[in-house]
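Read the structure below first, then the notes.
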Amino acid sequence: MTRSPLLLTPGPLTTHHETREAMLRDWGSRDAAFIAMTADLRRRLLAVARAEAGHIAIPLQGSGTFIVEAAIATLIAPAATLLILINGHYGERMTAIARRLGLRVEVAQWPEDQAVDPQQVDALLAANDAITDVAVVHCETTSGLLNPLEAIAAVVKRHGRRLLVDAMSSFGALPIDLGRTPAVAVMASSNKCLEGVPGIGFALVERGAIERSKGNCRSMSLDLHDQWQGFERNGQWRFTPPVQVVAALVTALQRLEREGGPAARLTRYRRNLDVLAAGMRKLGFALFLDPIVQAPIIATFHAPREPWYEFETMFEALAAEGFVIYPGKLTRADSFRIGCIGDVDHHDFERFLEVMGSVVKRMRKN
Ligand SMILES: *Cc1c(COP(=O)(O)O)cnc(C)c1O
């Protein structure tokens, strides 16, 4: 077996071997041991966001988009109007999902390098009584930008509306405290800052909101109310659970706890970003975002406007040395991205920068 590459991507990402080893045994989905493991998983997910008091953890088979779609389809009532705050691709994706579901949608848009402005949200909500729900992306993985979650949540709460948060690329590292930040639902997945393997999305949903959502969802497999009722009934998943992925995620959550929780993980990621950004600057690569809005999750770099540069060539040369980076996804600037998350630390980034240095040198010569 060849050695795994280092994935400097927003997920799937580099996982610890202990997490992968948790997948080496089989579990019957109706075994008492697996039912207990599912209960442990749901408890641990709530604890990451201090959500034990008022929320329910509902895991769902699938990637992150599945849980975003399931949450919107289940929680947004047919007569509701959903305002979506967009400053990147994942805000656009929520809009596409809501429109596909036939929901009433309003959008507010900011440039990809600017955070959602809570004061503008305040004005929009004041001007439109029809809006019942608001959705926002916490960390916009398109650019790596951090939106001001607490301030947005406070505005939405003050207007008596409900907030849904796509926290896919922030959950487990950036602080989310549902004991203090009002949100009816937070959605995330197994394979980003929790450092598990792909296969599970989950939502932490306010108890009252999930109780009142019966009958909203017109998809059977994405109905989070029914998924929750399944867990309530007998502790089991409604349909075949990804048993090994569950085992890996529980191990990953234990590792998060041992590391010191999200705050300690954030410190590690921040150091990754600092080392990466400083080293890349020396090699002539500039960050796309202002440091004020840059989250230590994924860094977007401007593509050099020089004849020697070609993303594919750089990507292949780095991959040959065991480092996988990520193409850009911005609509208006040529860029590429390097993830700071996963089971990687500043030593890995120092090694990466050495390789990057020699790749750039070679490309400049050719
Ligand atoms: C990764 C991600 C998703 C989900 O993407 P999948 O490819 O379906 O896992 C959704 N929103 C954000 C902000 C993400 O970073």
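Restricting region 301-353 to residues that are farther than 30 Å from residue 254 by Cβ and aromatic (Phe, Trp, Tyr), the residue that is farthest from the chain's Cα centre (by Cα) is 308.
Can you confirm whether residue 92 is within 16 Å of the ligand (Cβ to nearest atom), among the acidic types (Asp, Glu) and surrounded by fewer than 23 Cβ atoms within 10 Å (Cβ to Cβ)? First the steps, then the outcome.
Working: within 16 Å of the ligand (Cβ to nearest atom): yes; among the acidic types (Asp, Glu): yes; surrounded by fewer than 23 Cβ atoms within 10 Å (Cβ to Cβ): yes.
Yes.
The number of residues in region 148-176 that are within 25 Å of residue 343 (Cβ to Cβ) and away from the ligand (no atom under 16 Å from the Cβ) comes to 1.
Considered as a group, the residues in region 97-153 that are more than 19 Å from the chain's Cα centre (by Cα) and acidic (Asp, Glu) include one that is nearest to residue 270 (Cα to Cα), and that residue is 117. Of the conditions (1) more than 17 Å from residue 59 (Cα to Cα); (2) surrounded by fewer than 23 Cβ atoms within 10 Å (Cβ to Cβ), residue 206 satisfies every one except a single condition; which number is it? Status for residue 206: all satisfied but (1). Checked against (1) within 16 Å of the ligand (Cβ to nearest atom); (2) in contact with a helix residue (DSSP H, G or I) (Cβ under 9 Å, 6 or more places away or on another chain); (3) at negative phi; (4) not hydroxyl-bearing (Ser, Thr, Tyr), residue 87 passes all but condition (2).
Residue-level check: of (1) of a type outside the set (A, V, I, L, M); (2) farther than 28 Å from residue 338 by Cβ; (3) within 16 Å of the ligand (Cβ to nearest atom); (4) crowded, with 22+ Cβ neighbours inside 10 Å, residue 61 misses just (4).
If only one of 97, 67 is within 11 Å of the ligand (Cβ to nearest atom) and more than 26 Å from residue 296 (Cα to Cα), which one is it? Give the derivation first.
Numbers: 67 fails: more than 26 Å from residue 296 (Cα to Cα).
Matching residue, one of 97, 67: 97.
For region 272-295, filtering for residues that are in contact with an Asp or Glu (Cβ under 9 Å, 6 or more places away or on another chain) and part of a loop (DSSP other than H, G, I, E, B) leaves 6. When residue 140 is tested against (1) surrounded by fewer than 21 Cβ atoms within 10 Å (Cβ to Cβ); (2) among the charged types (D, E, K, R); (3) touching a residue at least 24 places away in the same chain (Cβ under 8 Å), only condition (1) is not met.
Checking the condition part of a loop (DSSP other than H, G, I, E, B) and β-branched (Val, Ile, Thr), which residue from 105, 116 passes?
On the way: 105 fails: part of a loop (DSSP other than H, G, I, E, B).
Only one candidate passes the filter, namely 116.
Each residue in region 114-147 was checked for being more than 16 Å from the ligand (Cβ to nearest atom) and polar (S, T, N, Q), and 5 pass.
Only one of the numbered conditions (1) touching a residue at least 12 places away in the same chain (Cβ under 8 Å); (2) under 21 Å from residue 229 (Cβ atoms) is violated by residue 63, and that is (2).
Do you know which residues across region 234-280 are among the β-branched types (Val, Ile, Thr) and in contact (Cβ under 8 Å) with a residue 60 or more places away in the chain?
Those that are among the β-branched types (Val, Ile, Thr) and in contact (Cβ under 8 Å) with a residue 60 or more places away in the chain: 240, 243, 245, 246, 250, 251, 275.
Are any of the residues in region 30-43 modelled with pLDDT of 95 or more, surrounded by 19 or more Cβ atoms within 10 Å (Cβ to Cβ) and under 16 Å from the mean Cα position of the chain (by Cα)? So far as region 30-43 goes, no, none of its residues is modelled with pLDDT of 95 or more, surrounded by 19 or more Cβ atoms within 10 Å (Cβ to Cβ) and under 16 Å from the mean Cα position of the chain (by Cα). Scanning region 310-327 for residues that are exposed (fewer than 14 other Cβ atoms within 10 Å of the Cβ), part of a helix (DSSP H, G or I) and either of a type outside the set (A, V, I, L, M) or in contact (Cβ under 8 Å) with a residue 60 or more places away in the chain (or both) gives 312, 316, 319.
On the basis of being surrounded by 15 or more Cβ atoms within 10 Å (Cβ to Cβ) and over 19 Å from the mean Cα position of the chain (by Cα), does residue 82 make the cut? Quick ask: steps written out before the conclusion?
Numbers: surrounded by 15 or more Cβ atoms within 10 Å (Cβ to Cβ): yes; over 19 Å from the mean Cα position of the chain (by Cα): yes.
Answer is yes for this residue.
If you filter region 296-305 down to residues that are assigned to a loop (DSSP other than H, G, I, E, B) and either of a type in the set (Gly, Ala, Ser) or in contact with a helix residue (DSSP H, G or I) (Cβ under 8 Å, 6 or more places away or on another chain) (or both), you find that the one that is nearest to residue 335 (Cα to Cα) is 303.
The values are calculated or read from the model by the stated rules, or taken from the named source; none is laboratory data. No experiment lies behind these values; they were computed from the predicted model shown. Positions of Cβ are generated from backbone atoms using ideal geometry, with glycine treated the same way; all protein chains shown enter the neighbour counts.
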